[in-house]
1. Test each condition in (1) farther than 27 Å from Ala151 by Cβ; (2) surrounded by 15 or more Cβ atoms within 10 Å (Cβ to Cβ); (3) modelled with pLDDT of 95 or more for Met1 and report the one that comes out false.
2. Report, by residue number, each residue of segment 301-319 that is crowded, with 19+ Cβ neighbours inside 10 Å and either under 14 Å from Gly390 (Cβ atoms) or of a type in the set (S, T, N, Q) (or both).
3. For Gly221, all conditions in the list (1) under 18 Å from the mean Cα position of the chain (by Cα); (2) surrounded by fewer than 20 Cβ atoms within 10 Å (Cβ to Cβ); (3) under 25 Å from Cys42 (Cα atoms) hold save one; what is the number of the exception?
4. Residues of segment 158-176 being open to solvent by less than 20 Å² (accessible area, probe 1.4 Å), within 18 Å of Arg205 (Cα to Cα) and not aliphatic (A, V, I, L, M), which ones?
5. Can you find a residue that is in contact with a Cys (Cβ under 6 Å, 6 or more places away or on another chain), of a type in the set (Lys, Arg) and surrounded by 18 or more Cβ atoms within 10 Å (Cβ to Cβ) anywhere in segment 324-340?
6. Return the residues of segment 224-240 that are over 16 Å from Phe277 (Cα atoms) and open to solvent by 40 Å² or more (accessible area, probe 1.4 Å); say none if nothing qualifies.
7. Return only the number of the condition from (1) acidic (Asp, Glu); (2) part of a loop (DSSP other than H, G, I, E, B); (3) over 20 Å from the mean Cα position of the chain (by Cα); (4) surrounded by 18 or more Cβ atoms within 10 Å (Cβ to Cβ) that Asp373 does not satisfy.
8. Step by step: first the residues of segment 202-218, then only those that are touching a strand residue (DSSP E or B) at 6+ places or on another chain (Cβ under 8 Å) and among the polar types (S, T, N, Q), then the one that is surrounded by the fewest Cβ atoms within 10 Å (Cβ to Cβ). Which residue is that?
Amino acid sequence: MSTARFLELQKQYPVFSYDDFSIVQNGTRLRLTFSFSVNGLCRFAPTTEIETENLTLLNDPQGPLARRFVFALGLVELVSYWKAACPRRVEVRAGALTEEDVRFWKKLYFRGLSEFFYRNGIQTNERDFMELVSCPRAEDAAPDAAAFRTAGLRLVPVGGGKDSCVTASLLADAPEKNLFFTVNDQKARTDTVLAAGYTPDAVVRTYRTIDPALLALNARGFFNGHTPFSAIVAFLSAYCAYLVGATDIVLSNESSANEANIAGTEVNHQYSKSYAFERDFAAYCARVLTPDLHYFSLLRPFNELQIAKQFAALGQFHDTFRSCNRGSKQNVWCGKCSKCLFVFSILSPFLDYDRLCGIFGGDLLDDPALAADFDGLCGFSPVKPFECVGTPSELCAALFMTADRFREAGRALPCLLRRFTEKAVRTDDRPLLDWNDEHNIPAAFLPAVKEMYRFVAADCRLSAK
(Lines give C-alpha, C1' and ligand atoms only; values in the text may rest on other atoms or scores of the structure.)
Protein backbone atom coordinates (compact mmCIF):
# COMPACT_ATOMS: atom_id res chain seq x y z
CA MET A 1 0.00 0.00 0.00
CA SER A 2 1.18 3.52 -0.75
CA THR A 3 0.20 7.07 -1.62
CA ALA A 4 -0.15 6.01 -5.27
CA ARG A 5 -2.71 3.35 -4.28
CA PHE A 6 -4.49 5.92 -2.07
CA LEU A 7 -4.83 8.36 -4.99
CA GLU A 8 -5.83 5.55 -7.36
CA LEU A 9 -8.68 4.45 -5.08
CA GLN A 10 -9.80 8.05 -4.55
CA LYS A 11 -10.08 8.46 -8.30
CA GLN A 12 -11.89 5.14 -8.79
CA TYR A 13 -14.30 5.64 -5.87
CA PRO A 14 -14.68 9.40 -5.42
CA VAL A 15 -17.75 9.56 -3.14
CA PHE A 16 -18.56 8.11 0.29
CA SER A 17 -22.03 8.81 1.69
CA TYR A 18 -23.48 8.74 5.21
CA ASP A 19 -27.04 8.11 4.09
CA ASP A 20 -29.13 7.46 7.19
CA PHE A 21 -29.40 5.96 10.66
CA SER A 22 -32.17 4.38 12.70
CA ILE A 23 -33.00 3.76 16.37
CA VAL A 24 -35.25 0.75 16.96
CA GLN A 25 -36.38 -0.92 20.19
CA ASN A 26 -35.78 -4.64 19.69
CA GLY A 27 -37.03 -6.48 22.77
CA THR A 28 -34.89 -5.33 25.70
CA ARG A 29 -32.28 -3.87 23.36
CA LEU A 30 -31.98 -0.62 21.48
CA ARG A 31 -30.59 -1.24 18.01
CA LEU A 32 -28.74 1.54 16.19
CA THR A 33 -28.15 0.96 12.47
CA PHE A 34 -26.06 3.19 10.24
CA SER A 35 -26.25 3.32 6.44
CA PHE A 36 -23.05 4.15 4.57
CA SER A 37 -22.18 3.66 0.91
CA VAL A 38 -19.27 3.99 -1.49
CA ASN A 39 -20.59 4.77 -4.96
CA GLY A 40 -19.74 1.94 -7.31
CA LEU A 41 -18.31 -0.32 -4.60
CA CYS A 42 -20.71 -1.38 -1.83
CA ARG A 43 -23.08 -0.42 0.98
CA PHE A 44 -22.51 -0.89 4.70
CA ALA A 45 -25.04 -1.27 7.52
CA PRO A 46 -23.15 -1.71 10.83
CA THR A 47 -25.17 -1.99 14.02
CA THR A 48 -24.73 -1.27 17.70
CA GLU A 49 -27.07 -2.63 20.37
CA ILE A 50 -27.59 -1.39 23.93
CA GLU A 51 -29.00 -3.77 26.54
CA THR A 52 -31.66 -1.91 28.54
CA GLU A 53 -33.20 -4.68 30.68
CA ASN A 54 -31.20 -3.65 33.76
CA LEU A 55 -31.46 0.10 33.14
CA THR A 56 -33.88 2.85 34.08
CA LEU A 57 -34.19 5.01 30.97
CA LEU A 58 -34.72 8.58 32.05
CA ASN A 59 -34.79 10.09 28.55
CA ASP A 60 -36.51 9.29 25.26
CA PRO A 61 -34.17 7.00 23.28
CA GLN A 62 -35.69 8.06 19.94
CA GLY A 63 -36.50 11.75 20.44
CA PRO A 64 -34.88 14.77 18.74
CA LEU A 65 -31.99 15.06 21.23
CA ALA A 66 -31.41 11.29 21.10
CA ARG A 67 -31.19 11.51 17.32
CA ARG A 68 -28.47 14.14 17.62
CA PHE A 69 -26.41 11.79 19.77
CA VAL A 70 -26.86 8.87 17.37
CA PHE A 71 -26.23 10.99 14.26
CA ALA A 72 -22.90 12.02 15.82
CA LEU A 73 -22.09 8.39 16.66
CA GLY A 74 -22.60 7.57 12.99
CA LEU A 75 -20.15 10.30 12.04
CA VAL A 76 -17.39 8.65 14.06
CA GLU A 77 -18.39 5.13 12.92
CA LEU A 78 -18.13 6.12 9.27
CA VAL A 79 -14.35 6.53 9.31
CA SER A 80 -13.86 2.77 9.76
CA TYR A 81 -15.68 2.24 6.46
CA TRP A 82 -14.32 5.28 4.63
CA LYS A 83 -10.74 4.08 5.12
CA ALA A 84 -11.22 1.02 2.88
CA ALA A 85 -11.14 3.15 -0.29
CA CYS A 86 -10.56 6.66 1.17
CA PRO A 87 -13.01 8.51 -1.17
CA ARG A 88 -12.08 12.16 -1.61
CA ARG A 89 -15.64 13.44 -1.05
CA VAL A 90 -17.73 12.48 2.00
CA GLU A 91 -21.38 13.48 1.71
CA VAL A 92 -23.33 13.59 4.98
CA ARG A 93 -27.02 13.14 4.16
CA ALA A 94 -28.22 11.88 7.53
CA GLY A 95 -28.07 15.29 9.23
CA ALA A 96 -26.65 18.79 9.08
CA LEU A 97 -23.12 20.00 9.81
CA THR A 98 -21.94 23.53 10.44
CA GLU A 99 -18.52 24.75 9.32
CA GLU A 100 -17.34 24.38 12.92
CA ASP A 101 -18.61 20.80 12.95
CA VAL A 102 -16.73 20.04 9.75
CA ARG A 103 -13.49 21.32 11.30
CA PHE A 104 -14.03 19.14 14.38
CA TRP A 105 -14.70 15.99 12.35
CA LYS A 106 -11.87 16.46 9.87
CA LYS A 107 -9.42 16.98 12.72
CA LEU A 108 -10.63 13.83 14.48
CA TYR A 109 -10.53 11.75 11.31
CA PHE A 110 -7.09 12.91 10.21
CA ARG A 111 -5.34 12.71 13.57
CA GLY A 112 -7.21 9.58 14.61
CA LEU A 113 -6.00 7.95 11.37
CA SER A 114 -2.39 9.08 11.80
CA GLU A 115 -1.22 5.52 12.48
CA PHE A 116 -3.30 4.23 9.54
CA PHE A 117 -1.69 6.72 7.16
CA TYR A 118 1.81 6.03 8.50
CA ARG A 119 1.62 2.24 8.37
CA ASN A 120 0.05 2.24 4.92
CA GLY A 121 2.67 4.64 3.53
CA ILE A 122 0.13 7.35 2.69
CA GLN A 123 1.38 10.94 2.40
CA THR A 124 -1.45 13.46 2.74
CA ASN A 125 -2.55 16.38 4.91
CA GLU A 126 -5.55 17.47 6.97
CA ARG A 127 -6.78 19.90 4.34
CA ASP A 128 -6.65 17.61 1.31
CA PHE A 129 -7.27 14.04 2.50
CA MET A 130 -11.05 14.52 2.50
CA GLU A 131 -13.76 16.98 1.51
CA LEU A 132 -16.53 16.71 4.12
CA VAL A 133 -19.82 18.04 2.77
CA SER A 134 -23.13 18.48 4.59
CA CYS A 135 -26.07 17.80 2.30
CA PRO A 136 -28.94 16.58 4.52
CA ARG A 137 -32.23 15.61 2.92
CA ALA A 138 -34.19 17.05 5.87
CA GLU A 139 -33.27 18.63 9.20
CA ASP A 140 -34.18 16.84 12.41
CA ALA A 141 -36.34 18.86 14.76
CA ALA A 142 -34.26 21.17 16.93
CA PRO A 143 -33.81 19.46 20.31
CA ASP A 144 -34.91 21.09 23.52
CA ALA A 145 -32.02 21.32 25.98
CA ALA A 146 -34.51 20.65 28.77
CA ALA A 147 -35.13 17.26 27.18
CA PHE A 148 -32.08 15.94 29.06
CA ARG A 149 -33.38 14.84 32.46
CA THR A 150 -30.53 14.08 34.83
CA ALA A 151 -30.15 11.68 37.75
CA GLY A 152 -26.71 12.78 38.95
CA LEU A 153 -25.11 9.50 37.88
CA ARG A 154 -21.54 8.81 36.74
CA LEU A 155 -20.90 6.58 33.73
CA VAL A 156 -17.48 4.90 33.89
CA PRO A 157 -16.10 3.18 30.75
CA VAL A 158 -14.32 -0.04 31.72
CA GLY A 159 -11.80 -1.87 29.53
CA GLY A 160 -10.67 -4.42 32.11
CA GLY A 161 -7.14 -3.07 32.49
CA LYS A 162 -5.35 -1.54 35.45
CA ASP A 163 -6.42 2.04 34.65
CA SER A 164 -10.18 1.48 34.89
CA CYS A 165 -9.59 -0.53 38.09
CA VAL A 166 -7.86 2.50 39.62
CA THR A 167 -10.69 4.81 38.53
CA ALA A 168 -13.30 2.49 40.02
CA SER A 169 -11.44 2.55 43.33
CA LEU A 170 -11.21 6.37 43.30
CA LEU A 171 -14.99 6.63 42.86
CA ALA A 172 -15.81 4.45 45.88
CA ASP A 173 -16.99 7.49 47.84
CA ALA A 174 -20.46 7.35 46.28
CA PRO A 175 -21.09 3.87 44.84
CA GLU A 176 -24.80 4.56 44.40
CA LYS A 177 -23.91 7.12 41.70
CA ASN A 178 -21.71 4.82 39.63
CA LEU A 179 -22.71 2.93 36.50
CA PHE A 180 -20.11 1.19 34.35
CA PHE A 181 -20.00 1.06 30.56
CA THR A 182 -18.61 -1.62 28.27
CA VAL A 183 -18.36 -2.20 24.53
CA ASN A 184 -18.57 -5.86 23.50
CA ASP A 185 -18.39 -6.98 27.09
CA GLN A 186 -15.63 -9.39 28.05
CA LYS A 187 -15.05 -11.29 31.27
CA ALA A 188 -12.30 -9.00 32.57
CA ARG A 189 -14.60 -6.00 32.24
CA THR A 190 -17.41 -7.53 34.26
CA ASP A 191 -14.86 -8.92 36.72
CA THR A 192 -13.52 -5.39 37.27
CA VAL A 193 -17.00 -4.21 38.25
CA LEU A 194 -17.54 -7.20 40.54
CA ALA A 195 -14.12 -6.81 42.18
CA ALA A 196 -14.96 -3.16 42.83
CA GLY A 197 -17.98 -4.30 44.86
CA TYR A 198 -20.84 -3.88 42.39
CA THR A 199 -23.36 -6.28 40.83
CA PRO A 200 -23.65 -7.06 37.10
CA ASP A 201 -26.71 -4.78 36.99
CA ALA A 202 -24.39 -1.80 37.44
CA VAL A 203 -23.08 -2.27 33.88
CA VAL A 204 -24.43 -0.57 30.74
CA ARG A 205 -23.59 -3.15 28.07
CA THR A 206 -23.28 -2.30 24.40
CA TYR A 207 -22.50 -4.56 21.45
CA ARG A 208 -20.93 -3.16 18.30
CA THR A 209 -20.65 -5.13 15.06
CA ILE A 210 -18.47 -4.66 11.98
CA ASP A 211 -20.32 -5.06 8.68
CA PRO A 212 -18.97 -8.23 6.96
CA ALA A 213 -18.79 -6.25 3.70
CA LEU A 214 -15.86 -4.28 5.15
CA LEU A 215 -14.01 -7.46 6.10
CA ALA A 216 -14.59 -8.74 2.56
CA LEU A 217 -13.03 -5.57 1.12
CA ASN A 218 -10.03 -5.96 3.41
CA ALA A 219 -9.61 -9.54 2.17
CA ARG A 220 -9.61 -8.21 -1.40
CA GLY A 221 -6.73 -5.85 -0.68
CA PHE A 222 -8.50 -2.59 0.14
CA PHE A 223 -7.00 -0.45 2.89
CA ASN A 224 -7.17 -1.58 6.51
CA GLY A 225 -5.70 -0.27 9.74
CA HIS A 226 -6.16 1.47 13.07
CA THR A 227 -9.09 3.85 13.58
CA PRO A 228 -9.87 6.07 16.62
CA PHE A 229 -11.83 3.49 18.63
CA SER A 230 -11.83 5.57 21.81
CA ALA A 231 -13.77 8.26 19.93
CA ILE A 232 -16.48 5.64 19.30
CA VAL A 233 -16.44 4.94 23.04
CA ALA A 234 -16.84 8.69 23.66
CA PHE A 235 -19.92 9.14 21.47
CA LEU A 236 -21.55 5.83 22.38
CA SER A 237 -21.05 6.43 26.10
CA ALA A 238 -22.47 9.94 25.66
CA TYR A 239 -25.69 8.51 24.18
CA CYS A 240 -25.89 5.95 26.99
CA ALA A 241 -25.28 8.68 29.59
CA TYR A 242 -28.17 10.63 28.05
CA LEU A 243 -30.42 7.57 28.25
CA VAL A 244 -29.86 6.98 31.97
CA GLY A 245 -29.44 10.62 33.00
CA ALA A 246 -25.73 10.46 33.86
CA THR A 247 -24.03 13.85 33.93
CA ASP A 248 -20.41 12.65 34.18
CA ILE A 249 -18.51 10.32 31.86
CA VAL A 250 -15.40 9.40 33.85
CA LEU A 251 -12.52 8.07 31.78
CA SER A 252 -9.22 6.46 32.78
CA ASN A 253 -6.77 8.02 30.30
CA GLU A 254 -3.36 9.08 31.61
CA SER A 255 -1.05 11.92 30.58
CA SER A 256 1.14 9.42 28.70
CA ALA A 257 -1.56 9.05 26.02
CA ASN A 258 -0.62 12.50 24.73
CA GLU A 259 2.77 11.33 23.42
CA ALA A 260 3.30 10.38 19.77
CA ASN A 261 4.61 6.94 18.82
CA ILE A 262 7.27 8.52 16.61
CA ALA A 263 9.16 11.47 18.07
CA GLY A 264 8.73 14.74 16.20
CA THR A 265 5.47 13.66 14.52
CA GLU A 266 1.74 13.58 15.32
CA VAL A 267 1.50 9.83 14.71
CA ASN A 268 -0.25 8.72 17.89
CA HIS A 269 -1.93 5.35 18.33
CA GLN A 270 -3.75 6.85 21.31
CA TYR A 271 -4.93 10.15 19.76
CA SER A 272 -8.56 9.63 20.80
CA LYS A 273 -7.32 8.99 24.37
CA SER A 274 -5.29 12.21 24.36
CA TYR A 275 -6.11 15.42 26.20
CA ALA A 276 -6.41 17.19 22.84
CA PHE A 277 -9.31 14.94 21.85
CA GLU A 278 -10.83 15.04 25.34
CA ARG A 279 -10.88 18.85 25.21
CA ASP A 280 -12.30 18.94 21.67
CA PHE A 281 -14.97 16.35 22.42
CA ALA A 282 -16.07 18.17 25.58
CA ALA A 283 -16.45 21.40 23.59
CA TYR A 284 -18.35 19.62 20.78
CA CYS A 285 -20.64 17.95 23.31
CA ALA A 286 -21.46 21.27 25.00
CA ARG A 287 -22.06 23.03 21.67
CA VAL A 288 -23.93 20.37 19.70
CA LEU A 289 -25.42 17.87 22.18
CA THR A 290 -25.89 19.16 25.73
CA PRO A 291 -23.87 21.37 28.10
CA ASP A 292 -25.01 19.20 31.03
CA LEU A 293 -22.72 16.27 30.17
CA HIS A 294 -19.14 16.35 31.47
CA TYR A 295 -16.54 14.14 29.75
CA PHE A 296 -13.15 13.93 31.49
CA SER A 297 -10.37 11.57 32.55
CA LEU A 298 -9.89 11.14 36.28
CA LEU A 299 -6.31 9.91 35.69
CA ARG A 300 -5.12 12.66 33.34
CA PRO A 301 -2.83 14.25 35.98
CA PHE A 302 -0.89 10.97 36.28
CA ASN A 303 1.61 9.02 34.21
CA GLU A 304 1.70 5.26 33.75
CA LEU A 305 4.29 4.70 36.50
CA GLN A 306 2.13 6.47 39.07
CA ILE A 307 -0.97 4.53 38.01
CA ALA A 308 1.00 1.28 38.28
CA LYS A 309 2.01 2.10 41.85
CA GLN A 310 -1.60 2.87 42.80
CA PHE A 311 -2.86 -0.29 41.10
CA ALA A 312 -0.29 -2.45 42.87
CA ALA A 313 -1.97 -1.52 46.17
CA LEU A 314 -5.38 -2.72 44.92
CA GLY A 315 -5.02 -6.47 45.39
CA GLN A 316 -8.71 -7.18 44.74
CA PHE A 317 -8.10 -6.58 41.00
CA HIS A 318 -4.81 -8.42 40.49
CA ASP A 319 -6.21 -11.80 39.46
CA THR A 320 -8.92 -10.45 37.16
CA PHE A 321 -7.49 -7.47 35.24
CA ARG A 322 -6.48 -7.94 31.60
CA SER A 323 -4.99 -5.53 29.06
CA CYS A 324 -3.79 -7.86 26.30
CA ASN A 325 -5.62 -7.35 23.01
CA ARG A 326 -4.44 -10.67 21.55
CA GLY A 327 -5.69 -12.65 24.52
CA SER A 328 -8.81 -10.63 25.32
CA LYS A 329 -11.34 -13.08 23.88
CA GLN A 330 -9.79 -15.93 25.88
CA ASN A 331 -9.37 -13.67 28.95
CA VAL A 332 -5.63 -14.38 29.14
CA TRP A 333 -2.32 -12.56 28.93
CA CYS A 334 -0.68 -13.84 25.73
CA GLY A 335 2.78 -13.02 27.15
CA LYS A 336 4.14 -12.41 23.64
CA CYS A 337 3.09 -8.85 22.74
CA SER A 338 4.31 -5.35 23.53
CA LYS A 339 1.22 -4.60 25.65
CA CYS A 340 1.84 -7.58 27.94
CA LEU A 341 5.52 -6.67 28.17
CA PHE A 342 4.76 -3.04 29.02
CA VAL A 343 2.21 -3.80 31.74
CA PHE A 344 4.48 -6.45 33.26
CA SER A 345 7.44 -4.06 33.27
CA ILE A 346 5.63 -1.00 34.61
CA LEU A 347 4.28 -3.07 37.53
CA SER A 348 7.61 -4.77 38.24
CA PRO A 349 8.89 -2.21 40.81
CA PHE A 350 5.75 -2.43 42.91
CA LEU A 351 4.55 -6.05 43.02
CA ASP A 352 6.35 -9.06 44.45
CA TYR A 353 8.23 -10.29 41.38
CA ASP A 354 7.28 -13.94 41.75
CA ARG A 355 3.65 -12.92 42.21
CA LEU A 356 3.90 -10.79 39.04
CA CYS A 357 5.28 -13.75 37.06
CA GLY A 358 2.38 -15.84 38.35
CA ILE A 359 -0.17 -13.31 37.11
CA PHE A 360 1.34 -13.24 33.62
CA GLY A 361 2.23 -16.93 33.40
CA GLY A 362 5.98 -16.37 33.20
CA ASP A 363 8.86 -13.89 33.44
CA LEU A 364 8.38 -11.57 30.46
CA LEU A 365 11.63 -9.75 31.19
CA ASP A 366 13.46 -13.04 30.66
CA ASP A 367 12.15 -13.67 27.14
CA PRO A 368 14.70 -12.74 24.43
CA ALA A 369 11.99 -13.09 21.76
CA LEU A 370 10.53 -9.83 23.09
CA ALA A 371 13.75 -7.84 22.56
CA ALA A 372 12.49 -5.80 19.58
CA ASP A 373 9.33 -4.71 21.41
CA PHE A 374 11.42 -4.05 24.50
CA ASP A 375 13.75 -1.72 22.58
CA GLY A 376 10.79 0.23 21.22
CA LEU A 377 9.21 0.57 24.65
CA CYS A 378 12.49 1.75 26.20
CA GLY A 379 13.23 4.24 23.43
CA PHE A 380 16.26 2.31 22.14
CA SER A 381 14.60 2.24 18.69
CA PRO A 382 12.76 5.18 17.06
CA VAL A 383 9.22 3.73 16.91
CA LYS A 384 7.28 3.04 20.09
CA PRO A 385 5.02 -0.01 19.58
CA PHE A 386 1.57 0.87 18.29
CA GLU A 387 -0.26 -0.05 21.46
CA CYS A 388 -1.73 1.78 24.44
CA VAL A 389 1.55 1.97 26.34
CA GLY A 390 3.40 4.62 28.31
CA THR A 391 6.42 6.72 27.47
CA PRO A 392 10.00 5.42 27.35
CA SER A 393 10.99 7.66 30.27
CA GLU A 394 8.27 6.15 32.49
CA LEU A 395 9.24 2.61 31.57
CA CYS A 396 12.95 3.28 32.02
CA ALA A 397 12.27 4.64 35.50
CA ALA A 398 10.36 1.46 36.34
CA LEU A 399 13.15 -0.76 35.04
CA PHE A 400 15.86 1.06 36.99
CA MET A 401 13.79 0.57 40.15
CA THR A 402 13.30 -3.12 39.38
CA ALA A 403 17.01 -3.62 38.67
CA ASP A 404 17.80 -2.06 42.05
CA ARG A 405 15.36 -4.46 43.73
CA PHE A 406 17.07 -7.44 42.08
CA ARG A 407 20.53 -6.30 43.12
CA GLU A 408 19.44 -5.61 46.70
CA ALA A 409 17.96 -9.12 46.88
CA GLY A 410 21.11 -10.65 45.36
CA ARG A 411 19.17 -12.04 42.40
CA ALA A 412 20.48 -12.35 38.84
CA LEU A 413 18.85 -9.96 36.38
CA PRO A 414 16.49 -11.42 33.74
CA CYS A 415 17.95 -11.13 30.23
CA LEU A 416 15.94 -8.08 29.07
CA LEU A 417 16.54 -6.26 32.33
CA ARG A 418 20.25 -6.98 32.01
CA ARG A 419 20.10 -5.71 28.41
CA PHE A 420 18.44 -2.55 29.70
CA THR A 421 21.05 -1.80 32.37
CA GLU A 422 23.82 -2.22 29.79
CA LYS A 423 22.24 0.26 27.33
CA ALA A 424 20.32 2.82 29.37
CA VAL A 425 21.63 5.96 31.01
CA ARG A 426 20.06 6.74 34.37
CA THR A 427 18.67 10.26 34.71
CA ASP A 428 17.65 12.33 37.71
CA ASP A 429 13.98 12.72 36.78
CA ARG A 430 11.35 11.66 39.29
CA PRO A 431 8.24 10.53 37.39
CA LEU A 432 6.50 9.44 40.59
CA LEU A 433 6.42 13.12 41.54
CA ASP A 434 4.92 14.33 38.24
CA TRP A 435 1.61 16.18 38.10
CA ASN A 436 -0.05 17.13 34.81
CA ASP A 437 -2.07 20.34 35.11
CA GLU A 438 -3.80 19.85 31.74
CA HIS A 439 -7.01 18.15 32.77
CA ASN A 440 -10.76 18.79 32.92
CA ILE A 441 -11.48 17.19 36.31
CA PRO A 442 -14.42 18.89 38.09
CA ALA A 443 -13.71 20.22 41.57
CA ALA A 444 -15.92 17.59 43.25
CA PHE A 445 -13.58 14.81 42.04
CA LEU A 446 -10.27 16.45 42.95
CA PRO A 447 -10.05 15.31 46.61
CA ALA A 448 -9.80 11.64 45.56
CA VAL A 449 -7.26 12.52 42.87
CA LYS A 450 -5.13 14.52 45.30
CA GLU A 451 -5.23 11.61 47.77
CA MET A 452 -3.93 9.31 45.05
CA TYR A 453 -1.13 11.76 44.32
CA ARG A 454 -0.10 11.83 47.96
CA PHE A 455 0.13 8.03 47.93
CA VAL A 456 2.10 7.62 44.68
CA ALA A 457 4.50 10.46 45.54
CA ALA A 458 5.17 9.23 49.07
CA ASP A 459 8.53 7.56 49.77
CA CYS A 460 9.55 8.29 46.20
CA ARG A 461 12.83 6.50 45.63
CA LEU A 462 14.52 6.57 42.23
CA SER A 463 18.14 6.38 43.24
CA ALA A 464 20.73 7.90 40.90
CA LYS A 465 23.38 5.30 41.52
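1. Result: Met1 fails condition (3) only.
2. Matches in segment 301-319: Phe302, Asn303, Glu304, Leu305, Gln306, Ile307, Ala308, Lys309, Gln310, Phe311.
3. The single condition Gly221 does not satisfy is (1).
4. Gly160, Gly161, Ser164, Cys165
5. Checked segment 324-340: at least one residue is in contact with a Cys (Cβ under 6 Å, 6 or more places away or on another chain), of a type in the set (Lys, Arg) and surrounded by 18 or more Cβ atoms within 10 Å (Cβ to Cβ).
6. Asn224, His226
7. (2)
8. Thr209
The values are calculated or read from the model by the stated rules, or taken from the named source; none is laboratory data. Remember, it's a predicted structure, so these values are computed and weren't measured experimentally. Note: ideal-geometry Cβ built from the backbone for every residue, glycine included; neighbour counts use all protein chains shown. Surface accessibility is based on the protein's heavy atoms, side chains included, excluding ligands, DNA and RNA. Shrake-Rupley method; radii C 1.70, N 1.55, O 1.52, S 1.80 Å.
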